[in-house]
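Below is one structure, written out as structure tokens, with a few remarks after it.
The values are calculated or read from the model by the stated rules, or taken from the named source; none is laboratory data. Every value quoted in this text rests on a predicted model; they were computed, and no experiment measured them. Neighbour counts are summed over all protein chains in view; Cβ atoms, including those assigned to glycine, are modelled from backbone coordinates with ideal geometry.
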Amino acid sequence: NAGVTQTPKFQVLKTGQSMTLQCAQDMNHEYMSWYRQDPGMGLRLIHYSVGAGITDQGEVPNGYNVSRSTTEDFPLRLLSAAPSQTSVYFCASRKGTAYNEQFFGPGTRLTVL
Amino acid sequence: GENVEQHPSTLSVQEGDSAVIKCTYSDSASNYFPWYKQELGKRPQLIIDIRSNVGEKKDQRIAVTLNKTAKHFSLHITETQPEDSAVYFCAASPGGGGSNYKLTFGKGTLLTVNP
């Protein structure tokens with residue numbers, strides 16, 4: 001099992017550009033989510049999905065879109081990048097209820113100039 | 001929504017000493033409390049968790065305690081070693097599935113173990 005994978009590892013964007021952060025898992029997990037990590041701010045939930053075709057907003061959803069067309073993939077789209085979106089982004093997945101372990105991907109470090 | 005406060009933000013101990021990190025939560029519906037460790041440049045990884053029907057749980061040098069009445073839980077690391085140096089995050093969740101999936105994280109504690 002590759003677990004949770006993310007691409008790219010690093011990305012530099014200019015203000016106003018759009019891009020998609022990719023996330024995939026091969027553990028047949030129903031639940032997937034995106035977090036951003038900023039210094040001193042912990043891990044903040046952006047969007048999450050409880051299954052294919054179902055997504056919902058987290059704590060900081062503005063400026064981001066998601067979709068879940070398959071169980072395996074959960075891409076995060078930045079519509080018009082802003083410097084405030086400079087952060088490290090983690091995708092995570094878990095099976096079943098919240099009592100199960102949540103597995104994180106390796107992260108994507110995004111810089112918006 | 002849930003709010004998780006974590007203290008201290010930084011903690012420095014000598015090798016062999018104990019370390020304690022404390023968290024409080026606001027939502028009385030929360031009943032699942034995991035702790036994650038994140039080494040520098042790496043992803044967060046689960047190290048221990050506790051459910052509300054248990055007051056304490058141990059795994060070798062790591063233990064977690066929960067006081068539901070006071071809405072706080074703590075991570076205890078005994079006989080600290082340099083490899084324990086990392087950022088530790090507490091989290092809380094109502095548990096269950098569906099919309100109760102969401103984990104709310106504290107802001108993290110940077111633990112440094114000095115040799």
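Every residue, every condition in (1) surrounded by 15 or more Cβ atoms within 10 Å (Cβ to Cβ); (2) modelled with pLDDT under 95; (3) more than 28 Å from B:GLU15 (Cβ to Cβ), yes or no:
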{"position": "B:ILE77", "(1), (2), (3)": "yes, no, no"}
{"position": "B:THR80", "(1), (2), (3)": "yes, no, no"}
{"position": "B:GLU83", "(1), (2), (3)": "no, no, no"}
{"position": "B:PRO94", "(1), (2), (3)": "yes, yes, yes"}
{"position": "B:GLY97", "(1), (2), (3)": "yes, yes, yes"}
{"position": "B:THR104", "(1), (2), (3)": "yes, yes, yes"}
{"position": "B:LYS107", "(1), (2), (3)": "yes, no, no"}
{"position": "B:ASN114", "(1), (2), (3)": "no, no, no"}
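Given the options A:TYR99, A:TYR48, name the one that is closer than 16 Å to A:LEU21 by Cα, modelled with pLDDT under 95 and either in contact with a Leu (Cβ under 6 Å, 6 or more places away or on another chain) or within 11 Å of chain B (Cβ to nearest Cβ) (or both).
A:TYR48
With segment B:23-86 as the region, which strands (runs of 3 or more DSSP E) entirely inside it contain at least 3 residues that are under 26 Å from A:GLY105 (Cβ atoms)?
Answer list for segment B:23-86: B:32-38, B:45-51.
Check A:THR20, A:THR55, A:THR5 and return the single one that is under 11 Å from the mean Cα position of the chain (by Cα) and within 14 Å of chain B (Cβ to nearest Cβ).
None of the other options fit; the residue is A:THR5.
Can you list residue pairs whose Cβ atoms sit under 8 Å apart, with the first residue in segment A:35-50 being closer than 16 Å to A:ASN65 by Cα and the second being of a type in the set (Asp, Glu) and outside any strand (DSSP E or B)? Count only pairs 6 or more apart in sequence or on different chains.
A:ARG44/A:GLU59; A:LEU45/A:GLU59; A:ILE46/A:GLU59; A:VAL50/A:GLU30
Could you tell me whether segment B:10-31 includes any residue that is surrounded by fewer than 12 Cβ atoms within 10 Å (Cβ to Cβ), within 14 Å of the chain's Cα centre (by Cα) and under 30 Å from A:SER87 (Cα atoms)?
Yes, segment B:10-31 contains a residue that is surrounded by fewer than 12 Cβ atoms within 10 Å (Cβ to Cβ), within 14 Å of the chain's Cα centre (by Cα) and under 30 Å from A:SER87 (Cα atoms).
Of the residues B:VAL13, B:VAL87, B:VAL64, which is modelled with pLDDT of 95 or more, within 22 Å of A:LEU45 (Cα to Cα) and in contact with a strand residue (DSSP E or B) (Cβ under 7 Å, 6 or more places away or on another chain)?
Numbers: B:VAL13 fails: within 22 Å of A:LEU45 (Cα to Cα); B:VAL64 fails: within 22 Å of A:LEU45 (Cα to Cα).
Among B:VAL13, B:VAL87, B:VAL64, only B:VAL87 is modelled with pLDDT of 95 or more, within 22 Å of A:LEU45 (Cα to Cα) and in contact with a strand residue (DSSP E or B) (Cβ under 7 Å, 6 or more places away or on another chain).
Give A:PRO83, A:PRO106, A:PRO39 a once-over and let me know the one that is over 19 Å from B:GLN38 (Cβ atoms) and either within 11 Å of chain B (Cβ to nearest Cβ) or out of contact with any Gly (no Cβ under 9 Å at 6 or more places or on another chain) (or both).
One residue alone meets the criteria, A:PRO83.
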